[in-house]
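Novice: The structure is given below, and queries will be raised subsequently.
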Amino acid sequence: MNIRKAKASDAEALKILYFEHLTRFPPQEEQDMALWRKMLDKFEQDQNMYLLVLEADNQVVASVQMAIIESLTHNVRPFAVVENVVTHADHRNRGYASALLMKATELAKEKGCYKMSLETGSNKESTLNFYRKNGFEIDKKHSCLKRL
């Protein structure tokens, strides 16, 4: 098992993870993979953006995305936002997503973050329990979404 920042060569594996194992309604239009690779190059260089992947058996089988956001509050300490936690269905229940969340937590602490929030579109109790098991509280705050 190896955890690292995603790179351009991971574009196809990430496309499979996102559209076959994360979203219930993948886009119908063809994806511009050159744009994906360009964005992954950018993420790889950015010290506040993390698209982490976990490799097992020489293939990308899980991923998590995290952004470190600078803030003027909490003594000018940043916070972290996590989304798109996904594991290939054939590789679930092996601790891969937990390992990625642990790595993301370590990185957020290294950056001096005062909190880490995680967005999920799932209301499934098993999913929420997974996040609780990994140290997240299901709080009373409301995530408000405005689609653009």
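Throughout, read-outs are computed from the coordinates displayed, never taken from laboratory work. These numbers were taken from a predicted model, which means no experiment stands behind them. Neighbour counts run over all protein chains shown; Cβ positions are idealised from the backbone, glycine included.
Novice: Please enumerate the residues belonging to region 97-129 that are touching a Pro at 6+ places or on another chain (Cβ under 7 Å) and either of a type in the set (Asp, Glu) or surrounded by fewer than 17 Cβ atoms within 10 Å (Cβ to Cβ) (or both).
Specialist: Gly112
Novice: On the given criteria, is Gln28 among the polar types (S, T, N, Q), without any contact (Cβ under 8 Å) to a residue 40 or more places away in the chain and either under 26 Å from Tyr114 (Cβ atoms) or in contact with a Lys or Arg (Cβ under 6 Å, 6 or more places away or on another chain) (or both)?
Specialist: For Gln28, the condition - among the polar types (S, T, N, Q), without any contact (Cβ under 8 Å) to a residue 40 or more places away in the chain and either under 26 Å from Tyr114 (Cβ atoms) or in contact with a Lys or Arg (Cβ under 6 Å, 6 or more places away or on another chain) (or both) - is not met.
Novice: Using the structure shown, decide if Val60 is at positive phi and either among the β-branched types (Val, Ile, Thr) or in a loop (DSSP other than H, G, I, E, B) (or both).
Specialist: No.
Novice: Here's something else I'd like to know. So, in region 35-56, how many residues would count as being over 16 Å from the mean Cα position of the chain (by Cα) and part of a strand (DSSP E or B)?
Specialist: 1
Novice: Next question. Need the failing condition index for Ser126 against (1) in a loop (DSSP other than H, G, I, E, B); (2) closer than 27 Å to Ala13 by Cα; (3) among the small types (Gly, Ala, Ser), just the number.
Specialist: (1)
Novice: Give me the pairs, please: first residue somewhere in region 94-106 and in a helix (DSSP H, G or I), second residue anywhere and of a type in the set (Lys, Arg), beta-carbon distance under 8 Å, and either six or more positions apart or on two chains.
Specialist: Pairs that qualify, where the first residue is in a helix (DSSP H, G or I) and the partner is of a type in the set (Lys, Arg), are Ser98/Lys133.
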